[in-house]
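The values are calculated or read from the model by the stated rules, or taken from the named source; none is laboratory data. Everything quoted here is computed from the prediction, not taken from an experiment. Quick reminder, even Gly has a Cβ in these numbers, built from the backbone with ideal geometry, and neighbours come from all protein chains shown. Heavy atoms of the whole protein, side chains included, go into the accessibility calculation; ligands, DNA and RNA do not. Shrake-Rupley method; radii C 1.70, N 1.55, O 1.52, S 1.80 Å.
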Amino acid sequence: MGKTLLETIAFRLGQKAAQAKNAFDLIGGTEADSLRAEIRLGRDLAAALQERIPLVEENETTRFVAEIGCWLARNVKEKKLPFSFHVTAEREPNALALPGGPVFVSWPLLEMCQGQRDQIAFVVAHEYAHIVRRHTLDRILKDAALSLLLRQTSGRHAASAWLSKAGRQLLGGSYSSDDELEADAFAVALVGTAGGDALAGEHLLEEIAQRVQSVGIAGDYFATHPTPGERVSNLRAIRHG
């Protein structure tokens, strides 16, 4: 996607953001055009984000997590996306999904999984859900500040400028409760389809719930999600039909 398509997105944002139902309405064009635009926007945002968030140097654990991400990606049926995975050196549990495939997960969040493959897979698959279901794309493209920047400059520079202003706060903010619970359900199904333990997500959330009650957990990641108990209840309700 070149600058012309970015400008087209920005123009349509200005004209249609108020009434658009989803990100595809905002971008317009064919589905292939939409997908290319999504991937390019995600890459621009990921490059800008890596200038602001330190990454953990590659090690055995980061390679293990990347392998899990690739394993899951092979089983995403909705659409094939160039998922990429980055482990950040943030001090608190955190995770972030960007349009088109980039996923960032903090080291402390991975530590909570205690090296359990399928618990890590649940965390990663939850972020994949926000990408596949376009939760992230919808939220980003409806932001008026990004619309204005896309009209004024190239995608990479627009992404960097946006993250320096309102973008980082928007990306770190909460999705709707429905989006989060949908992402949990997607994650459980994907882990199971890939051949993993579909109950691993529930077990992880139960462990997190116990930790929250006993010692508490710092950071915004859990504050921007439904409570672990609510998430467990939702997954159990789905499992029991």
### Query
For LEU35, are the conditions met, namely being modelled with pLDDT under 85 and closer than 21 Å to ALA125 by Cβ?
yes
### Summary
Going through (1) part of a helix (DSSP H, G or I); (2) open to solvent by 50 Å² or more (accessible area, probe 1.4 Å) one by one, LEU110 fails only at (2)
### Query
Before we move on, is ALA200 modelled with pLDDT of 85 or more, open to solvent by 10 Å² or more (accessible area, probe 1.4 Å) and not basic (Lys, Arg)?
no
### Query
Does VAL76 satisfy the criteria of being assigned to a strand (DSSP E or B), modelled with pLDDT of 90 or more and either open to solvent by less than 30 Å² (accessible area, probe 1.4 Å) or within 21 Å of LEU141 (Cα to Cα) (or both)?
no
### Task
Provide a single number: the residues in region 186-212 that are among the small types (Gly, Ala, Ser), touching a residue at least 24 places away in the same chain (Cβ under 8 Å) and under 17 Å from MET112 (Cβ atoms).
3
### Message
Scan region 82-100 and tell me whether some residue there is touching a helix residue (DSSP H, G or I) at 6+ places or on another chain (Cβ under 8 Å), of a type outside the set (Ser, Thr, Tyr), modelled with pLDDT under 85 and open to solvent by less than 50 Å² (accessible area, probe 1.4 Å).
### Response
no
### Task
Just give me the residues in region 91-108 being out of contact with any Pro (no Cβ under 8 Å at 6 or more places or on another chain) and among the small types (Gly, Ala, Ser), in sequence order.
ALA95, ALA97
### Tabulated pairs, region 24-53, first closer than 13 Å to ALA97 by Cα, second at pLDDT 85 or above and open to solvent by 50 Å² or more (accessible area, probe 1.4 Å), C-beta under 7 angstrom, 6+ apart or interchain
ILE39/PRO82
